[in-house]
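All remarks here apply to the structure that follows.
The values are calculated or read from the model by the stated rules, or taken from the named source; none is laboratory data. Remember, predicted model here, so these are calculated numbers, not experimental data. When we count neighbours, we look across all protein chains shown, and the Cβ atoms used for this are built from the backbone with ideal geometry, even at glycine. Heads up: the accessible areas ignore ligands, DNA and RNA and are worked out on the full protein's heavy atoms, side chains in. Shrake-Rupley method; radii C 1.70, N 1.55, O 1.52, S 1.80 Å.
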Amino acid sequence: TWYVRQNIDVTDAKEANAKALDILNKGIDSLGFHFSGKMVSKELVETLLDGIECEYVELNFSTCKRHSVELANILTGYFEAKGYDKEKITGSIDWDPIEKIVMQGKDVQPLLQLGPQLVEALKDYPHFRCITVNAASLNNAGAYIVQELGYALAWGNEYLAELVEAGVEPTLAARKIKFNMGVSENYFMEIAKFRAARMLWAEIVKQYEPKCDCACQMCVNATTTSYNMTMFDSYVNLLRSQTETMSAAIAGVHSIVVRPFDEVYEQPTDFSERIARNQQLLLKEESHFDKVVDPSAGSYFIEELTTSLADVAWKLFLQVEDEGGFLEAIKKGTVQDDINATNKKRHGDAAKRKEFILGTNQFPNFTEKSDGKQPRNCSCGCGHKDETAFKAIHASRLAADFEQLRLETEKSGKTPTAFMLTIGNLAWRQARAQFSSNFLACAGYKIIDNLGFDTIEEGVDAAIKAGADIVVLCSS
């Protein structure tokens with residue numbers, strides 16, 4: 001089985017607590033609280049966790065990396081005051097300074113010395129992890145599956161090596177590391193990715209000679225990707241995230257977060273959050289995905305895919321190690337250059353429709369308008385304007401360029417009309433009319449398609465009568 005997780009952005013502790021208690025009665029058994037560093041206090045934790053039985057719910061916290069040790073001490077004090085069994089407390093603190101370096105180019109290396117202190121604060125809680133590898137950020141920046149896997153392993157190994165060098169016992173160090181990974185739409189490859197990740201991480205941890213094999217187990221929280229989500233035809237996001245969730249569930253991850261379908265253009269509503277929860281509950285309660293361990297085992301295709309993916313990812317991992325480790329590689333900018341190049345290539349492929357985005361660059365909804373919707377985050381790929389110590393990754397959703405086209409068309413005040421003048425052989429004219437309609441509808445143009453005209457004159461008269469700005473002759 002896996003934990004059904006939902007994240008909550010905390011601005012008011014009482015409101016966040018009320019929301020947490022509400023969704024715990026609606027199928028959630030893992031909570032993720034995100035709040036600013038200045039909010040960290042004993043009162044915040046007491047208010048957030050009021051009425052929550054911490055032995056039965058996975059608790060995850062994300063805050064400023066500088067305040068994570070303070071938060072860990074407050075949490076352990078709270079758990080002890082409540083008399084909880086330390087063996088039954090499950091959860092994590094999202095502490096990952098390296099993410100700031102690789103994604104934003106900020107030099108936060110001094111924060112790395114806090115890692116051993118964080119582990120020390122939570123050493124008595126065997127199921128509470130506090131060192132995180134946020135490889136999901138690479139996934140959301142367009143990284144290929146093999147890149148996310150290879151770099152995630154190198155990233156995790158960097159933390160593991162630093163903890164061991166600082167005097168942390170290898171078993172304890174490995175058991176404090178958690179991986180946050182993305183899930184893209186490539187169904188079978190994603191199943192293989194998580195299976196290969198577990199296999200390779202176990203090999204890495206074994207080299208540190210831990211006291212217990214349990215330290216070799218990889219703990220993964222999977223989050224559906226934002227990279228392929230779209231603002232137009234947004235309900236297609238439900239189809240994307242459902243197959244992504246299936247991949248993660250079949251692959252046997254620790255917990256799953258499903259992004260609400262409207263996250264791209266608005267603060268998720270109660271409806272969209274409910275649907276996101278139910279997408280996982282469908283797989284558990286109706287499809288019984290939680291009844292079988294590793295259901296894909298023995299499938300020749302997936303086993304071969306797992307082995308092939310592991311081979312290529314391992315080569316990438318060794319390549320990073322040859323550069324001196326993950327931290328050295330990102331300081332040189334090789335990781336950022338690699339991911340940015342992939343993102344650029346994928347945007348180019350989408351522009352040429354070599355990579356399909358259903359409902360956006362392929363089979364767009366001809367009549368849909370934005371109705372005031374705007375992308376919530378900057379998706380222009382412009383990156384970070386400030387001067388940074390290192391190179392940064394310029395993340396932008398795959399559909400962003402097409403959405404910009406459609407929004408520009410709407411803002412112009414005049415929607416061009418394209419008229420399909422279909423004549424001649426039925427198969428040829430229909431195929432070319434469909435291609436041309438799809439092509440022009442990508443930019444939000446109004447399309448007038450036709451079943452076919454008997455004569456050229458008849459088609460010309462109809463085009464003039466329609467007042468078309470563009471006439472496309474569709475024939476053999």
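Highest-first packing order for the peptide set 118-127, 405-414 is 118-127, 405-414, based on the mean count of other beta carbon atoms within 10 Å.
Remark: the range 108-200 carries a charge dipole of roughly 260 debye about the Cα centre, counting +1 on each Lys and Arg Cβ and -1 on each Asp and Glu Cβ.
Residues of the range 154-186 with an amide N closer than 19 Å to a point placed 7 Å from the Cα of Leu282 along the Cα-to-Cβ direction: 183-186.
Once you treat every alpha carbon in the range 172-305 as an equal point and sum by Debye, what is log10 I(q)/I(0) at q = 0.13, 0.18, 0.21 Å⁻¹? Taken in order of the listed q values, log10 I(q)/I(0) reads -0.61, -1.01, -1.21.
What is the sum of charges, Lys and Arg at +1 and Asp and Glu at -1, for the other residues whose Cβ falls under 11 Å from the Cβ of Met420? Combined, the nearby Lys, Arg, Asp and Glu give +1. Protection proxy ranking of 94-102, 81-89, 389-397, 46-54, by the mean of other Cβ atoms within 10 Å over each peptide's residues and highest first, is 94-102, 389-397, 46-54, 81-89.
Packing, as the average of other Cβ atoms within 10 Å across residues, places the peptides 267-278, 66-77 in the order 66-77, 267-278, highest first. Taking every Cα-Cα distance in the range 374-476 and sorting them into 5 Å bins starting at zero, the pair-distance distribution P(r) comes out as 2, 12, 17, 15, 12, 9, 9, 7, 6, 4, 3, 2, 1, 0 percent.
A simple charge model with +1 on the Cβ of Lys and Arg, -1 on the Cβ of Asp and Glu and nothing else charged puts the dipole of the chain at about 600 debye relative to its Cα centre.
At a probe radius of 1.4 angstrom, the accessible area of the chain per residue rounds to 45 square angstrom.
Between amide H atoms placed 1.01 Å from N, distances below 5 Å from Ser92 occur with Leu59, Asn60, Phe61, Arg129, all of them 5 or more places distant or on a separate chain.
Considering only protein heavy atoms and a 1.4 Å probe, what is the carbon-and-sulfur percentage of the accessible area of the range 1-96? After summing per-atom areas, the C and S share lands at 45 percent. Would you mind classifying the range 425-473 by shape? Square roots of the alpha carbon gyration tensor eigenvalues, ordered a ≥ b ≥ c; an a/c under 1.5 is rounded, otherwise it is prolate if a/b is larger than b/c and oblate if not. Here the range 425-473 falls in the oblate category. Each eigenvalue of the Cα gyration tensor of the range 124-180, multiplied by 5 and square-rooted, gives one semi-axis; in descending order these are 24, 12, 7 Å.
Considering the chain, its Cα convex hull presents a mean projected area of 25.5 nm². Along its first, second and third principal axes, ordered by size, the range 330-433 spans 61, 31, 17 Å in Cα coordinates. Checking the Cα-Cα distances for Lys65/Lys373; Lys369/Lys465; Lys178/Lys206 against a 28 Å cut-off, the pairs over it are Lys65/Lys373. Could you estimate the translational diffusion coefficient of the range 77-179 from the Stokes-Einstein equation, with Rh from the Kirkwood formula over C-alpha pairs, at 25 °C and 0.890 mPa s, in whole µm²/s? Diffusion coefficient, whole number: 168 µm²/s.
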